[in-house]
Amino acid sequence: MASFFDALFLQAGYNAALVALGAALLGFAAGSGGSFLFLRKRALVSDAVAHATLPGVGLAFIAMVSFGGDGRSLIGLLLGSAATAWAGLLAVEWMVRRTRLSEDAAIGAVLSVFFGIGVVLLTVIQGMDRGRQAGLEDFLLGSTAGMLFQDAVLIACGGALVVAAIWLLRRPMTLVAFDPAFAAARGVNVRRVDLAMMGLVMAVTVIGLKLVGLILIVAMLIIPPVTARFWSERAETVVWVAGVLGAVSGWVGAALSASAPAMPTGPIIVLVAAALFAASLLFAPARGVAATILARRGFQARVHRRQGLLALSRAEPIHDPLTKRILTREGLMRPDGVATEEGRAAAAKVARDEHRWSIARRMHQDTALTGRYDGLTPIEQVFTPDEIAMFDLQIPRARGV
């Protein structure tokens, strides 16, 4: 049995290396392709697509057996699953456009009906006396144990084509994902772009059936984009970071599966993606839980510091323990509550800033009441000389503000 690091660096055998490369490319395609549906707030469409592939697997098997084949040709099964997945997409799209059903209701109806049909077809196949139906259940959870060279090449080539399509369509898909109305005003056919998004997701789902399975491929389409969102505010960055995270999940998951042959590849890949999500949720620098807690504590400390300095400037006693601790730690106040020289200077500055803000609020209220300050009322009648000097007021006299 190969070690994890041997499998990670493609030293665990030819087949393991093929699986790792195919899983990485599939993960990149799934992560980047699923990002657009995630940004469009249509992540559950991938669930409907995945469940809609099962009837295609059963129908393709029956058709190939009827023509004298063994029924387990990967290309034939993938073509069948692609046909019913596309039918499921069109069904969801038709119901949303032509009926009063919401999108989530349409997705629930399609995935349940198609999955039910698929289970019935698999039951029928189990009772057939022709063809070799063993192994069809691998399309539910994925399996690489019986993967052939041509299967790995097919997965890798399909993933590469999906990535190329994402690169070509990234701009209109990003525009539609964020503002469909603006995209339509710019001349973009929103319906076609939506179908292109869902078509890319369908392609990822179909080519990932053998490796991850129709149930777990949904996780590869959703988890990497959600994880990438913790690391960036830019849509294009989210798309490619999600692709990288999906590729890492596929690569590491395939390596773990190769180092422990009893472990299924698809679930391991999904668990690696989930681990990356958990790490990002906790430790992402801007949106992670730890960063949020630190930012909140920093804001709380700044508020307590400012309020404490205002109290010092007014010679008011400070009773809050946190405020006293902050001011004492920064050397602005002695333990007995008396301000230091540095504290008195900081308190004077905060008091001056607070007074300036009060002047600004009065100016805003005056403008809001009159609509504008036209300079007809002398500024000296509105503010005191000290306020004018402190705020350095320079309001135009001959024109409105």
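Summary table
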quantity	calculated
Unique residue being over 30 Å from Thr292 (Cβ atoms), over 22 Å from the mean Cα position of the chain (by Cα) and of a type in the set (A, V, I, L, M) when the list is Leu214, Leu161, Leu168	Leu161
Some residue of segment 17-28 being in a helix (DSSP H, G or I), over 30 Å from the mean Cα position of the chain (by Cα), surrounded by fewer than 21 Cβ atoms within 10 Å (Cβ to Cβ) and not hydroxyl-bearing (Ser, Thr, Tyr)	no
Segment 315-359, subset out of contact with any helix residue (DSSP H, G or I) (no Cβ under 8 Å at 6 or more places or on another chain) and of a type in the set (S, T, N, Q), residue surrounded by the fewest Cβ atoms within 10 Å (Cβ to Cβ)	Ser358
Test: residue in segment 69-85 that is within 29 Å of Val244 (Cβ to Cβ), within 24 Å of the chain's Cα centre (by Cα) and either not assigned by TED's automatic domain parsing to the domain that holds Val212 or not in a loop (DSSP other than H, G, I, E, B) (or both)	yes
The listed residue being among the hydrophobic types (A, V, I, L, M, F, W, C) and over 15 Å from the mean Cα position of the chain (by Cα), out of Trp251, Trp240, Trp231	Trp251
Segment 72-90: number of residues that are in contact (Cβ under 8 Å) with a residue 24 or more places away in the chain and under 18 Å from Phe114 (Cβ atoms)	12
Matching residues in segment 276-290 - criterion: being assigned to a helix (DSSP H, G or I) and exposed (fewer than 14 other Cβ atoms within 10 Å of the Cβ)	Ala278, Ala279, Leu282, Phe283, Val289, Ala290
Residue among Ile268, Ile326, Ile222, Ile293 that is in contact (Cβ under 8 Å) with a residue 60 or more places away in the chain and in a helix (DSSP H, G or I)	Ile222
Selection status of Val303, aliphatic (A, V, I, L, M) and at pLDDT 90 or above	yes
Only one of Val201, Val241, Val212 that is of a type in the set (A, V, I, L, M), touching a helix residue (DSSP H, G or I) at 6+ places or on another chain (Cβ under 9 Å) and part of a loop (DSSP other than H, G, I, E, B)	Val212
Scan of segment 225-236 for residues that are in a loop (DSSP other than H, G, I, E, B) and of a type in the set (S, T, N, Q), ordered by number	Ser232
Extreme residue, surrounded by the fewest Cβ atoms within 10 Å (Cβ to Cβ), among residues of segment 97-106 that are modelled with pLDDT of 85 or more and of a type in the set (A, V, I, L, M)	Ala105
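The values are calculated or read from the model by the stated rules, or taken from the named source; none is laboratory data. Treat the numbers as computed from the prediction; the structure is a model and nothing was measured. So basically every Cβ, Gly included, is an ideal-geometry build from the backbone, and we count neighbours across all protein chains shown.
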